[in-house]
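Q: The following block contains the structure, expressed as structure tokens.
The values are calculated or read from the model by the stated rules, or taken from the named source; none is laboratory data. These figures come from a predicted structure and were not determined experimentally. Just so you know, the surface numbers come from the protein's heavy atoms only, side chains and all, with ligands and any DNA or RNA stripped out. Shrake-Rupley method; radii C 1.70, N 1.55, O 1.52, S 1.80 Å.
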Amino acid sequence: MTRRYYQPDLPQVAGANFSLDDTEASHAIRVMRVKPGDQLQLFDGGGRIATAEVILVNRKTCQCQLLHAPSETQVKQRMVKMGIAFPKGDRCKRMIESLTELGIDTVIPITAERSQRPESESTLHKLRRTVIESCKQSGRNHLMQLSSPQGLKEFTSCADENWRWIADPRGDEPSQEAWMKSDRICVLIGPEGGFTDAEISMATAHGFKALALGHSILRIETAAIVAGAKAVGAVG
């Protein structure tokens with residue numbers, strides 16, 4: 001059970017007093033049963049981390065004092081963005097958890113011809129909370145950005161990464177050494193049934209190359225995790 005908490009407005013000066021955000025305070029008070037004198041690890045989602053000491057706890061508030069000025073954590077060199085036709089329900093939640101743990105920088109829900117309806121704002125709000133919880137669990141200090149849905153045409157036309165891939169069983173399987181040569185990678189993962197030929201043609205016209213992810217036809221969330229792991233160098 002972690003004593004690591006997300007504090008987006010992390011103070012910058014040692015000795016500063018502050019209260020945990022409401023959601024984090026509720027977890028600290030009701031689940032972790034923190035008490036004055038306990039020390040908490042804090043991160044602001046932008047790479048800064050610090051340690052604080054609990055000084056006051058009541059039913060709704062957890063007040064802390066910063067023990068030292070926040071320090072910056074290293075930013076990785078390879079940036080990975082993924083456009084994904086999201087699966088539904090728990091499958092999507094597990095996918096977001098895994099991509100956060102892997103270190104993907106940005107995920108954008110994509111609407112394609114074979115997609116289901118776009119994700120609602122309430123669903124995205126819950127998934128962004130999943131990102132925070134996954135960062136707390138995994139030790140990641142930069143929040144994965146989960147953007148609003150985009151159509152495939154908008155996504156492909158705005159992509160400017162120097163290596164762009166669209167998942168297609170007919171494509172290539174680049175070596176891990178090839179993945180590592182790029183510092184900005186964009187990967188597209190389609191819906192159940194895949195992208196249509198017209199959509200693949202549109203993507204390739206914007207510089208995307210067809211990407212095969214093995215000999216099996218993978219489910220959306222599996223394909224996203226495999227591609228994400230390859231892009232960040234987690235697998236060979």
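Q: Across all directions of projection, what mean area in square nanometres is found for the Cα convex hull of the stretch 12-164? Don't skip to the end; give the middle numbers.
A: Numbers: hull surface 42.3 nm².
In nm², the orientation-averaged hull projection of the stretch 12-164 is 10.6.
Q: While we're here: Quick one: with all protein chains in place, what share of the accessible area of the chain is carbon or sulfur, to the nearest percent (1.4 Å probe)? Display every interim value, and only then the final one.
A: Numbers: 5710 of 11800 Å².
Ligands and nucleic acids excluded, carbon and sulfur give 48 percent.
Q: Taking N as the number of residues in the stretch 79-236, what value does Rg over Cα atoms divided by 2.2 N^0.38 Å take?
A: Expressed relative to 2.2 N^0.38 Å, the Cα Rg reads 0.95.
Q: Related question: Using only Cα atoms, locate the centre of the stretch 87-111 and the centre of the stretch 198-236, then give the distance between them in Å, rounded to an integer.
A: 14 Å
Q: Something else about it: Provide the per-residue ³J(HN,Hα) series for the stretch 180-186, in order, calculated from phi with Karplus coefficients 6.51, -1.76, 1.60 and θ = phi - 60°, each as a whole number of Hz, with x at glycine and proline positions.
A: So the Karplus estimates, Gly and Pro as x, are 6, 6, 9, 9, 9, 10, 10 Hz.
Q: Using only helices, what value at 222 nm comes out for the chain when you add -39,500 (n - 2.57) per DSSP H run of length 4 or more and divide by the total residues, to the nearest 500 deg cm²/dmol?
A: Numbers: 7 runs with 71 residues, N = 236.
Mean residue ellipticity at 222 nm (helix-derived): -9000 deg cm²/dmol.
Q: Related question: Amide H to amide H, which residues 5 or more places from D38 or on other chains are under 5 Å from it, using H placed in the peptide plane?
A: Here V54 satisfy the definition.
Q: Could you give P(r) for the stretch 66-151, binned at 5 Å from zero, as whole percent values over all Cα-Cα pairs?
A: Answer for the stretch 66-151: a P(r) of 3, 13, 24, 23, 16, 9, 6, 3, 1, 1, 0 percent.
Q: Give the Debye-formula value of log10 I(q)/I(0) at each listed q (0.20, 0.24, 0.31 Å⁻¹), with one equal scatterer per alpha carbon of the stretch 38-88, two decimals each.
A: -0.77, -0.92, -1.17
Q: How about K136: which aspartates and glutamates have a C-alpha closer than 17 Å to its C-alpha, ignoring those fewer than 8 places off in the same chain?
A: Candidates past the 8-residue exclusion: D9, D21, D22, E24, D44, E72, E97, E101, D105.
Q: Ok, one more. How many Å² of accessible area per residue for the chain, probe 1.4 Å?
A: Numbers: 11800 Å² over 236 residues.
Per-residue value: 50 Å².
Q: From the alpha carbon gyration tensor of the stretch 1-76, can you work out the equivalent ellipsoid semi-axes (sqrt of 5 times each eigenvalue) and give them in Å, largest to smallest? Walk me through the numbers before you get to the answer.
A: Numbers: eigenvalues 81, 35, 20 Å².
Gyration-tensor ellipsoid for the stretch 1-76: 20, 13, 10 Å.
Q: Any of K93/K230; K60/K230; K126/K230; K88/K230; K60/K126 with alpha carbons more than 32 Å apart? Name them for me. Working shown, then result.
A: On the way: K93/K230 20 Å; K60/K230 43 Å; K126/K230 27 Å; K88/K230 24 Å; K60/K126 22 Å.
Correct reply: K60/K230.
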